[in-house]
Amino acid sequence: YRDQGGQKCRTALKHRSEELAKAKAEEVSLALRTPDHRLPGPLTLEMLFDNYLREVTPTKGERKQRDDKRGAKLFLEVFGPAFRVETITHRDAQRFVRERQRRGDQRKGKEGKVRGTPIRARAIDYDFEFLNAVLNWAVGAGWLGRNGLHGFRTPREESIRRPIISGEEYQKVLDIADQLGSEFRLAVILAHETGHRIGAIRLLRWSDVDLEKATIRWRGENDKIGYEHTTPLSDEAVSALKAERQESPAIGDAFLLKSPENPSQPVSRNLVRDWWRRAEGLAGLKRITGRGWHSFRRLLATEIKDAPLKDQCELGGWKSMHTVTQCYQRADQDTMRKALAARRRIAL
């Protein structure tokens, strides 16, 4: 081997066994080829986030990258950069929750001022999803013996607003859709027929659509949970896509919903949000908190309850069956009556 000065050195094994010498050589060779993942000192929160943001975050979508950086900034502000990660406990997590609730929404509004409005429990839940992912990654990297937050439960909202758009409301929106343009009509129909998030719909390209096979591909890079999958299209969705292609011919990687300012870019999140607000006014719908593009997703989950659970997850792009049943589906009288009518009596 070579010493720190680069000089070749020899070390006696103090035996003459050729087999033991070969075994020792293999042991040393393996050690030299194995990267040293040991840390130079205690694992601090700043060190952990720095490594995670450089190694893992770049593999995520644009939105998740922003969320990771925002989450890291919040935890560093509350715990401090020198916080030793191996000491984290549920008490620390509770302290973060209290501070997060005290600060409120730290995002900036249109005037550039911090909103400061109360935050929902789901926002805090997102923060801890990020922190748990980072801690579990550190455990896998051998930097941390265990995740100290394992088993910690974030606050839950007593009454969660999850309205579903009705068939009558959907028809009213369709009736005024042309007033906002053909692309808005297409967005509404795709949201209704596919039940996917509007964030994924606005980033669809024509190369993702196969009208002959009546399928559509949802790219993982555009999905909130990074789930790439392909789903069939209904006749209504195919008709809407054909009509849009005829009115505004496009192929390849052109976006289905183009930005009015720059047709080479997709429609912005702000515009699709404004579309919905304007549509509610034009359709004469009462503003209901929580009813928006996502209400179509809840509608799909409820309408396909009769399908096998695995197919339900695939159609809506859910990875977790628990998410479908707990967060999206709603019990209804028709389904329950069908279940009673189909009940198989067992003679005991």
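The values are calculated or read from the model by the stated rules, or taken from the named source; none is laboratory data. Since we're looking at a predicted model, the values are computed, not measured. Note: ideal-geometry Cβ built from the backbone for every residue, glycine included; neighbour counts use all protein chains shown. To get the accessible areas, we keep the full protein, side chains included, count just its heavy atoms, and leave off ligands, DNA and RNA. Shrake-Rupley method; radii C 1.70, N 1.55, O 1.52, S 1.80 Å.
Values as computed for the structure displayed
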{"item": "Residue pairs meeting the criteria (Cβ under 7 Å; at least 6 apart or on separate chains; first of a type in the set (S, T, N, Q), in the stretch 314-329; second open to solvent by 60 Å² or more (accessible area, probe 1.4 Å) and at pLDDT below 85)", "result": "none"}
{"item": "Number of positions in the stretch 1-51 that are under 30 Å from Phe79 (Cα atoms), modelled with pLDDT under 70 and surrounded by 10 or more Cβ atoms within 10 Å (Cβ to Cβ)", "result": "1"}
{"item": "Residue within the stretch 263-284 that is under 17 Å from Ile189 (Cβ atoms), open to solvent by 30 Å² or more (accessible area, probe 1.4 Å) and outside any helix (DSSP H, G or I) present", "result": "no"}
{"item": "Selection status of Lys108, more than 20 Å from the chain's Cα centre (by Cα), open to solvent by 90 Å² or more (accessible area, probe 1.4 Å) and either among the hydrophobic types (A, V, I, L, M, F, W, C) or under 30 Å from Ser268 (Cα atoms) (or both)", "result": "yes"}
{"item": "Where a residue in the stretch 235-246 is more than 16 Å from Val188 (Cβ to Cβ) and its partner, wherever it lies, is open to solvent by less than 100 Å² (accessible area, probe 1.4 Å) and among the aliphatic types (A, V, I, L, M), with Cβ under 6 Å and at least six apart", "result": "none"}
{"item": "Filtered residue count, the stretch 76-105, keeping only those that are open to solvent by 20 Å² or more (accessible area, probe 1.4 Å), over 18 Å from Thr154 (Cβ atoms) and β-branched (Val, Ile, Thr)", "result": "1"}
{"item": "Answer residue from the stretch 57-75, given it is open to solvent by 20 Å² or more (accessible area, probe 1.4 Å) and of a type in the set (Asp, Glu) and is farthest from Glu46 (Cα to Cα) among those", "result": "Glu62"}
{"item": "Residues of the stretch 102-148 that turn out to be within 19 Å of Lys69 (Cα to Cα), modelled with pLDDT of 85 or more and of a type in the set (S, T, N, Q), as a count", "result": "2"}
